[in-house]
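Working notes for the structure below.
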Amino acid sequence: MPGMAADLVRRKVAVLVSTGGAPSVMAAKAATSTIPIVFTIAVDPVQLGLVTSLSRPGGNITGVNFLSAALESKRLGLLRALLPGLQLIAVLLNPNRPDHADQTSQVQEAAATISQQTHILLASNESDLDAAFTTAVQMHAGAMLVATDQFFNSQRNKIIALAARHAIPAIYEQREYAQAGGLMSYGTNYRDGYRQVGVYAGRILKGEKPGDLPVVQSTKFELVINLKTAKALGIEVPPNLSAEADEIIE
């Protein structure tokens with residue numbers, strides 16, 4: 001990514017749009033302090049040092065915060081709503097994420113609030129994923145929360161296959177997981193966020209400064225449930241949860 005960002009800077013592009021999370025925008029930021037950058041990110045851009053504030057970013061960077069990582073507690077609650085008798089929920093986290101500590105704290109605080117026992121499993125490569133699911137089975141985890149992470153998204157099919165192989169009900173952040181056979185997802189409406197990225201890039205091309213464009217915080221979230229997967233796992237989805245879903249896949 002640093003090499004590709006540097007190449008774009010050498011080409012003197014008018015705007016850099018960095019998608020895919022923190023690694024891409026950090027590479028873009030390191031490559032230029034003058035070319036406007038519009039990002040998509042799932043962590044706090046102020047905490048990462050990308051912008052001075054959400055309302056007045058300053059500098060050459062602005063974009064959209066999907067707030068995906070801030071929704072882990074909601075996903076934990078949805079698992080409990082689906083399976084109220086859960087004794088242990090495994091939580092899959094990537095220790096290499098810049099906000100790993102915050103993610104862990106959010107999950108632990110949410111679990112304590114509802115008196116839910118959880119166990120953190122760490123994975124940052126493919127072999128870690130296999131080991132994490134094996135551990136979850138050995139611990140008799142009743143379900144798994146797959147936390148927000150770009151690496152996990154890149155391994156979506158593998159993670160879904162592991163969950164199916166070990167018969168572990170799991171919730172994910174992106175609707176694409178549920179569409180690909182995952183049980184349930186809850187997260188940002190990415191179509192709306194990416195449209196906003198295009199709007200900001202257009203406004204910058206027309207002369208506006210990125211430092212004057214507030215970082216957009218996602219406001220549209222969606223719950224998707226795959227009934228076919230639920231049936232395969234022997235799970236009866238409660239009517240109130242079905243009613244809350246934005247999409248049911250049958």
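Computed from the coordinates by the stated procedures, all read-outs in this text should not be read as laboratory data. Model, not experiment: these values are computed from the prediction. For neighbour counting, all protein chains shown are included, and Cβ atoms are generated from backbone atoms with ideal geometry for every residue, glycine included.
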Checklist entry - Hey, if you drop one equal point scatterer on each alpha-carbon of the chain and run the Debye formula without solvent, what base-10 log of I(q)/I(0) do you get at q = 0.15, 0.17 Å⁻¹? => result -1.02, -1.20
Checklist entry - Applying the Karplus parametrisation 6.51 cos²θ - 1.76 cosθ + 1.60 with θ = phi - 60° to the phi angles of region 74-85, what ³J(HN,Hα) value in whole Hz is obtained for each residue in order, glycine and proline being reported as x? => result 5, 5, 4, x, 5, 4, 5, 5, 6, 10, x, x
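Set the Förster distance to 45 Å, then compute FRET efficiency between Ala81 and Ala14 from the Cβ-Cβ distance, nearest 0.05.
Taking R0 as 45 Å, the efficiency between Ala81 and Ala14 is 0.45.
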Item to check | Ascending count of other beta-carbon atoms within 10 Å, so fewest first, for Arg10, Arg203 | outcome: Arg10, Arg203
Checklist outcome for this item: Taking placed amide H atoms and a strict 5 Å upper bound, the residues 5 or more places from Tyr172 or on another chain that come that close are Met184, Ser185, Tyr186
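How much length is gained on full extension from Lys158 to Ala30, taking 0.36 nm per residue of separation minus their Cα-Cα distance? Kindly include the intermediate steps, with their values, before the conclusion.
Numbers: separation 128, 0.36 × 128 = 46.08 nm, distance 3.21 nm.
Stretched fully, the Lys158-Ala30 segment lengthens by 42.9 nm.
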Checklist entry - Hey, what do the phi angles of region 153-169 turn into as Karplus ³J(HN,Hα) couplings, whole Hz, using 6.51/-1.76/1.60 and θ = phi - 60°, x for Gly and Pro? => result 4, 6, 10, 3, 5, 5, 5, 4, 5, 5, 5, 5, 4, 9, 6, 9, x
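Using 0.36 nm per residue, how much length does the chain from Phe221 to Arg195 gain when fully extended, once their Cα-Cα distance is taken away?
Length difference between fully extended and current span is 7.9 nm.
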Next on the checklist: Please list, in order along region 126-143, the HN-Hα scalar couplings obtained from phi with the Karplus expression 6.51 cos²θ - 1.76 cosθ + 1.60 (θ = phi - 60°), rounded to whole Hz, x for Gly and Pro.
Outcome noted: 5, 5, 4, 5, 4, 5, 5, 5, 4, 5, 4, 5, 4, 8, 6, 5, x, 6
Checklist entry - What residues qualify as long-range amide H neighbours of Ser18, i.e. H under 5 Å apart, gap of 5 or more or another chain, H built at 1.01 Å from N? => result Val38, Phe39, Thr40
Checklist entry - Pick from Ala136, Ala28, Ala161: which residue has the top mean-square fluctuation in a GNM of the chain where Cα pairs under 10 Å get a spring? => result Ala161
Checklist entry - Residues with amide H under 5 Å of His119's amide H, sequence separation 5 or more or different chain, H placed in the peptide plane at 1.01 Å from N; which? => result Ile89, Ala90, Val91
Item to check | Under 22 Å from the Cα of Lys220 - lysines, other chains or at least 8 residues apart | outcome: Lys74
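Let me have the 222 nm mean residue ellipticity of the chain computed from DSSP H runs of 4+ only, each contributing -39500 (n - 2.57), with the sum over all residues rounded to the nearest 500.
Numbers: 11 runs with 105 residues, N = 250.
Mean residue ellipticity, 222 nm, calculated: -12000 deg cm²/dmol.
Percent antiparallel among DSSP beta bridges with both residues in the chain, to the nearest 5?
Details: 5 of 32 bridges.
DSSP beta bridges in the chain are roughly 15 percent antiparallel.
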Checklist entry - Could you name the lysines in cross-link range of Lys206, using Cα to Cα under 24 Å and dropping any fewer than eight places away on the same chain? => result Lys12, Lys29
Next on the checklist: Within region 84-110, name every residue whose backbone N is under 18 Å away from a label modeled 7 Å from Cα of Asn125 along the Cβ vector.
Outcome noted: 93-97
